[in-house]
Amino acid sequence: MEIALSSQLQMQAAVERPRKRRRGRKSIIPGFGLTMGFTLAWLSLIVLIPLSALFLRAAGLGWNEFLAVGFSPRAMAAYRISFGTALGAAAVNGVFGLLTAWVFVRYEFPGKRLLNAMVDLPFALPTAVAGIALTALYSPNGWVGQFLEPLGIKVAYTPIGITIALIFIGLPFIVRSVEPVLADVSADLEEAALSLGARPWQVFLRVILPVILPALLTGFALALARGIGEYGSVIFIAGNMPFKSEIAPLLIVTQLEQYEYAAATAIATVLLLASFAMLLLINGIQAWTRRRMAA
Amino acid sequence: MSARLPHRSARARRALIALALAFIGFFLVLPLVAVFAEALAKGLATYGTALVEPDAVSAIKLTLLVAAISVPLNVVFGLCAAWAVAKFDFRGKSVLVTLIDLPFSVSPVVAGLVYVLLFGAQGWFGPWLVDHGVRIIFAVPGIVLATILVTFPFVARELIPLMQEQGRADEEAALALGATGFKTFLRVTLPNIRWGLLYGVLLCNARAMGEFGAVSVVSGHLRGLTNTMPLHVEILYNEYNFVAAFAVASLLALLALVTLVLKTSLEWKFGYGRGSAK
């Protein structure tokens, strides 16, 4: 779409100035070599070479050692906790983020713009601050924790606490993905469905949900990807007990502090591959959406 | 807009609004309130003392220094990348844009670790750096590098779509009238993108000052030397010095609030960044 847009603009420019209509003419704008060169050099130095270094170090371990340290029982437990809590939090956000987006797009109420701005708080608030604040709230004598404790619900220092932190971190991904698409859902379709006798929930399930599903899935995948790698907001509330509440990013840090470079490298490689997989998934969802829109 | 679904279910509407408000209040507003409440739990005097204590002051200074280095570098990169992507056609453009976005999906801990593997004592360049007396890991350069990596896409991803949307006609006109390339950038392009640039800088700065995971891995947590504000919060918290921890945290929360206010006013005024702020 980007390329289509820019070529469209190019055509406009060509129409405005007929002498530029010749195709394949070189742009008169200077600086391609300089900006492209700097972009590629900086990208390589900061991102690509360091990330490749991780893969090369992992490759240097050899297959057997990689499997032994990267998929040790403790590492497997950490992946289970990281992926499980991230999945749970993304699911909760999928429901409540959609609800929040719906309320913001469809209804008017006092303080709406202010609250809408608050949705971006998790993007702006440093993760460590979120982490200690949530821990203070959910610890057994905290504002919220003291009411849960008598009910036998332990949140802080358990996977539930990790999930709560990831709900906080992931919420804006869903809301901001769904909001613009929801605002664009054609009123005609809805009205047509309603006037043909459909119930409101049928309209939601059959008319609205199919349209916003790609955006919802994209938001879900973004929140999931962020949740799997999240560290700062989680480690305070997690309790960090191996096999019980130790997330994979924390295990990397722990191994590093014990000079277990092989284990840290292997676990980090697994996480990095997981994030590449998520990235592919997100790109796949978007390609699918484009195809669907084109059809 | 609000009149699409039938209003016979006003009760359902009120219930939905209440549910959404409860969710936001519980998950977003309450933690924010808790930061300030805990920070002021022992009164203003204790709060103030925690902020002027030498280790806190040096953490604040280091955080400002790291942001002052990494944000401008990301601005230069963002401008270059957006210029190359938006003003020219070349193969592999979408691959380049994906690669620029890549750091967003990398765990902060992994972002820190890759630099330890390169520059740490056990790293590829470790022995050479030791021989030449250069410290990167457990020192300020490592913190800056890790911060640049995690904030890498912020400015570029705001500018690329914006400059693509604005096209090339303005620049081509200026150049045809005889302006130099640099002058065209300064007088034509920059005024067109200034609010989008500011938007990107705001988000980049907030992340740079607040980054925890990546910086934590490379910093070594040397009090007064390599402790940024978020790391200082962690140390104080782990020492059960909760009031001081929340006092420093409240400064970071204020930074977040200021960022949100400026960001929101840019969105309301100019419509920038909506939905692209990831």
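The values are calculated or read from the model by the stated rules, or taken from the named source; none is laboratory data. Here the structure is a predicted model, which means the values were calculated and not measured. As a convention, Cβ positions derive from the backbone with ideal geometry for all residues, glycine included, and neighbour counts pool all protein chains shown. The protein model used for the area step is the full one, side chains on, heavy atoms only, and it has no ligands, DNA or RNA in it. Shrake-Rupley method; radii C 1.70, N 1.55, O 1.52, S 1.80 Å.
The table for this structure:
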| item | result |
| --- | --- |
| Failed item, numbered, when B:ASP89 is tested on (1) assigned to a helix (DSSP H, G or I); (2) more than 24 Å from A:SER275 (Cβ to Cβ) | (1) |
| In the stretch B:211-247, residue nearest to the other protein chains (Cβ to nearest Cβ) [restricted to those that are open to solvent by 30 Å² or more (accessible area, probe 1.4 Å) and polar (S, T, N, Q)] | B:ASN238 |
| Any pair with Cβ under 9 angstrom, 6 or more apart, that starts in the stretch B:167-193 at a residue that is in a helix (DSSP H, G or I) and ends at one that is crowded, with 16+ Cβ neighbours inside 10 Å and of a type in the set (Phe, Trp, Tyr) | B:GLU171/B:PHE185; B:PHE185/B:TRP83; B:THR189/B:TRP83 |
| Qualifying residues in the stretch B:163-182 (those that are at the interface with chain A (Cβ under 7 Å from one of its Cβ atoms), out of contact with any Pro (no Cβ under 7 Å at 6 or more places or on another chain) and under 20 Å from A:LEU34 (Cβ atoms)) - the one surrounded by the most Cβ atoms within 10 Å (Cβ to Cβ) | B:GLU171 |
| Some residue of the stretch B:210-218 being more than 17 Å from the chain's Cα centre (by Cα), assigned to a loop (DSSP other than H, G, I, E, B) and closer than 19 Å to B:ALA146 by Cα | no |
| Where a residue in the stretch A:102-113 is surrounded by fewer than 16 Cβ atoms within 10 Å (Cβ to Cβ) and its partner, wherever it lies, is modelled with pLDDT of 90 or more and not in a helix (DSSP H, G or I), with Cβ under 8 Å and at least six apart | none |
| Residue count, the stretch A:237-264 (criterion: open to solvent by 30 Å² or more (accessible area, probe 1.4 Å), at negative phi and within 10 Å of another protein chain (Cβ to nearest Cβ)) | 2 |
| Residues located in the stretch B:112-122, provided they are part of a loop (DSSP other than H, G, I, E, B) and at pLDDT 85 or above | B:GLY120 |
| Failed item, numbered, when A:TRP143 is tested on (1) at pLDDT 90 or above; (2) within 24 Å of B:ALA247 (Cβ to Cβ); (3) buried (at least 24 other Cβ atoms within 10 Å of the Cβ) | (3) |
| Test: A:LEU134 is in a helix (DSSP H, G or I) and open to solvent by 20 Å² or more (accessible area, probe 1.4 Å) | no |
| Given (1) surrounded by fewer than 21 Cβ atoms within 10 Å (Cβ to Cβ); (2) within 10 Å of chain B (Cβ to nearest Cβ), index of the condition A:VAL234 fails | (1) |
| The stretch B:70-99 - residue that is of a type in the set (D, E, K, R) and open to solvent by 20 Å² or more (accessible area, probe 1.4 Å) and, of those, nearest to B:LEU159 (Cα to Cα) | B:ASP89 |
